[in-house]
1. Could you check Phe214 against (1) within 24 Å of Ser176 (Cβ to Cβ); (2) at pLDDT 75 or above; (3) of a type outside the set (Gly, Ala, Ser) and say which number it fails?
2. Exactly one of these conditions fails for Ser226: (1) under 34 Å from the mean Cα position of the chain (by Cα); (2) crowded, with 19+ Cβ neighbours inside 10 Å. Give me its number.
3. Kindly indicate whether any position in the range 240-252 is in contact with a Gly (Cβ under 8 Å, 6 or more places away or on another chain), at pLDDT 90 or above and crowded, with 16+ Cβ neighbours inside 10 Å.
4. Please pick out the residue among Ala92, Ala106 that is closer than 19 Å to His49 by Cβ and within 38 Å of the chain's Cα centre (by Cα).
5. Output the number of the condition that Ser205 fails; it satisfies all remaining conditions of (1) surrounded by 13 or more Cβ atoms within 10 Å (Cβ to Cβ); (2) not acidic (Asp, Glu); (3) not assigned by TED's automatic domain parsing to the domain that holds Tyr177.
6. Could you identify the single residue in Gly314, Gly292 that is among the small types (Gly, Ala, Ser), modelled with pLDDT of 90 or more and either closer than 22 Å to His370 by Cα or buried (at least 21 other Cβ atoms within 10 Å of the Cβ) (or both)?
7. From the list Asp73, Asp107, exactly one residue is in contact with a helix residue (DSSP H, G or I) (Cβ under 6 Å, 6 or more places away or on another chain) and of a type outside the set (Phe, Trp, Tyr). Which is it?
8. Checking Gln239 against (1) under 23 Å from Gln322 (Cβ atoms); (2) assigned to a helix (DSSP H, G or I): exactly one of these is not met. Which one?
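The values are calculated or read from the model by the stated rules, or taken from the named source; none is laboratory data. Note that the coordinates shown come from a computational prediction; the quantities given were computed from them, not determined experimentally. Note that we place each Cβ from the backbone using ideal geometry, even for glycine, and neighbour counts take in every protein chain shown.
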Amino acid sequence: MSLNNGWPSMKNDAVAFPQGSGWRFFAESSSVLAVRISPQGIILAANRHATSLIGATLTGQPWQTMQLNSDWDLAEWLADAARPRLLNVRTASGIPQTLEVTVEPADEDFLLFGEVNATEQQRLAREVLELNHELNNLAREMVLKNDELARLNAMKSLFLGMAAHDLRKPIGLITSYSEFVIDEAGDRLSSEHQDFLRTILAAASRMSLVVDDFLDVYLIEAGRFSLNEQAADLDRLAQAAIGLVNLVAAKRGVRITTDLDATTRSLFVDGGKIEQVLANLLSNAVEHSPDGSDVTLVSRRFSDGIRVQIVDSGAGISLEQQQQLFQPILSGKAKRKMNGERSIGLGLVIVRKIVEAHGGRMFVESEPGHGSTFGFSLPASRLRENPVSAGDSPDRSEWIRTLQPHGDTHD
């Protein structure tokens, strides 16, 4: 195609100039962007620098192909072509470049010339330097903040450990003397005074559990959490955990039953800590189950390990609440149990740490109004018998779905 003013189109979108080395340099070697566009905004030709800068074939493309600020009205711009404009163009490197653009009429078409605007480049360079300086300041502040957080976290852990140890003895004395008075002098006290003592004993027992949680958290965060691993019978661990919560369950008519896989009994675990996990999950299930309902402790063996879960028919938990269940402690948001008591929410955090220390993972399945299923899995290395083959293993997802999925917010 031959264009007016001696600008014939050449291969690779290069624009050939009439004659002479000066014109050839402008078309092939100049760092000035030069394109010829039609009144309709179609690029008719482009010099080599334009094609190299944009990194695309330009001839035959709308002129918006090379610009970023595409809200410009071409007709309005061409009508006032004498005034230079700043044009942000796309580049092959992906970094936008600002050019100072002038337009010259060429018969029925227009010649567009763009060169780097020194003032704009200096402004951008200053902004980059300022942003880099600000980024460095923020990085230094972050390092200082992280050091401060690490120091505060160490102080918090130390406080938890000291507070737990210092509280354990007086709480133990309150518990022991309350039990002694009830046993030895209970028949000489009025029923009201006996209720007072039982309330004191119950409160001291709850505080003792909180102190134990504090100690567990202290050991976990201090890196002193260890397992005493040995062979343990899952059925015995389950019965021991049930015994810890049965009294509370019986008062509300909640029945706790088990459905344990007969092929898997012996586990290589820290029996005391797995019993703690089961007791916590059972306690939560009883706490959030309606009076007279059932709570079931189930275990199933799979080719990759064993899964243990506790199913209740409580109010269920929303997906948003589920995502917050195993969050780190001391988030600032106290929870409420069904009886209105405040909960510091350490239980499930400790349970998760115990399970993960055994190489397992926690899971929860729940839906508001349809109860909940809380459980954990342990790898096959924790089993003492030969693992079952994949063909004998029940389908994991189907097993979980067939069980009635803990209610409200758990500890």
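1. In the conditions (1) within 24 Å of Ser176 (Cβ to Cβ); (2) at pLDDT 75 or above; (3) of a type outside the set (Gly, Ala, Ser), Phe214 misses (2) alone.
2. It is condition (2) that Ser226 fails.
3. The answer is no; no qualifying residue exists.
4. Just one listed residue meets the conditions, Ala92.
5. (3) is the only condition that Ser205 fails.
6. Gly292
7. Asp107
8. With respect to (1) under 23 Å from Gln322 (Cβ atoms); (2) assigned to a helix (DSSP H, G or I), Gln239 is out only on (1).
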